[in-house]
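Q: Pasting a structure here, questions to come.
The values are calculated or read from the model by the stated rules, or taken from the named source; none is laboratory data. What you are looking at is a predicted structure, and each value in this text was computed from that prediction instead of being measured. Cβ placement follows ideal geometry from the backbone for every residue including glycine, while neighbour counts extend to all protein chains displayed.
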Amino acid sequence: MSAVLFHSTVLGIVAFIAAFLPVSVSAQTSSGGDPTTPAQTDEHPLRDTVEFLAGSAIGLGMHEGGHLLFDAMFDARPGLAGVHFGPIPFFAITHRNNLTPRREFTISSAGFWVQEVSNEWLLTRRPVLRRRHAPLAKGLFAFNVLNSVGYAFVAFARAGPAERDTRGMAASIGVDERVIGALVLAPALLDAYRYFRPDARWAKWGSRSAKVGSVVLVLKRR
């Protein structure tokens, strides 16, 4: 499972965005959510920034909660283990190493599945999320996208602690980790595009297809 240090880094990036792009965090429509209506800034940027960061923290909790849910279902005995991200010591949530490949893939993938489902819910329920005043939802969405992008590049480099999610996914179904990186990256980029272009039907269905594809891979191994 993932090193908590990695998620802390993602939260740091989200905090940077919240601090230096307050207008985008506070954007809202003045008349019914029309995406053609100019955005306005909220009168409480500090409160909005706090809510944005809270949304990101919720995203982290949901990601780890997805792992822990399947840990419990499969009696995987989750625990903590010391890891290193380069020279920096930290810790990761781990589970027993004698699971079947299918269960290993499911546990390692669960955090991304939670991210993808929550993004789909946000973009379906609020197609013009970018123009809404919804800092909590935007913080959750930002974490989900940035976390997947970060993991994808770690997978492409095949770097970081051995407990990383993408490595667990790749090893369990016998594919190159860079393939998993692409699988994780595709829906994140498509969802980001949908955030800016909510009318792009190709992006919506491409994103949904990629998300379903990642779940179908659980059938690759027993």
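Q: Among the residues that make up region 74-84, is at least one of them in contact with a helix residue (DSSP H, G or I) (Cβ under 6 Å, 6 or more places away or on another chain) and either among the polar types (S, T, N, Q) or at pLDDT 90 or above (or both)?
A: The answer is yes, given that some residue of region 74-84 is in contact with a helix residue (DSSP H, G or I) (Cβ under 6 Å, 6 or more places away or on another chain) and either among the polar types (S, T, N, Q) or at pLDDT 90 or above (or both).
Q: To continue, here is another question. Taking helices (runs of 4 or more DSSP H) that fall entirely within region 91-193, which contain at least 3 residues that are over 16 Å from HIS63 (Cα atoms) and of a type outside the set (A, V, I, L, M)?
A: So the answer is 101-125, 135-157.
Q: Can I ask one more? Is it fair to say ALA203 is assigned to a helix (DSSP H, G or I), in contact with a Phe, Trp or Tyr (Cβ under 8 Å, 6 or more places away or on another chain), at pLDDT 95 or above and farther than 15 Å from SER108 by Cβ?
A: For ALA203, the condition - assigned to a helix (DSSP H, G or I), in contact with a Phe, Trp or Tyr (Cβ under 8 Å, 6 or more places away or on another chain), at pLDDT 95 or above and farther than 15 Å from SER108 by Cβ - is met.
Q: So which of ALA159, ALA171, ALA137 is aliphatic (A, V, I, L, M) and surrounded by 19 or more Cβ atoms within 10 Å (Cβ to Cβ)?
A: Sole residue among the options that is aliphatic (A, V, I, L, M) and surrounded by 19 or more Cβ atoms within 10 Å (Cβ to Cβ): ALA137.
Q: Please verify whether LEU185 is hydrophobic (A, V, I, L, M, F, W, C) and more than 22 Å from THR106 (Cα to Cα), treating the condition exactly as stated.
A: no
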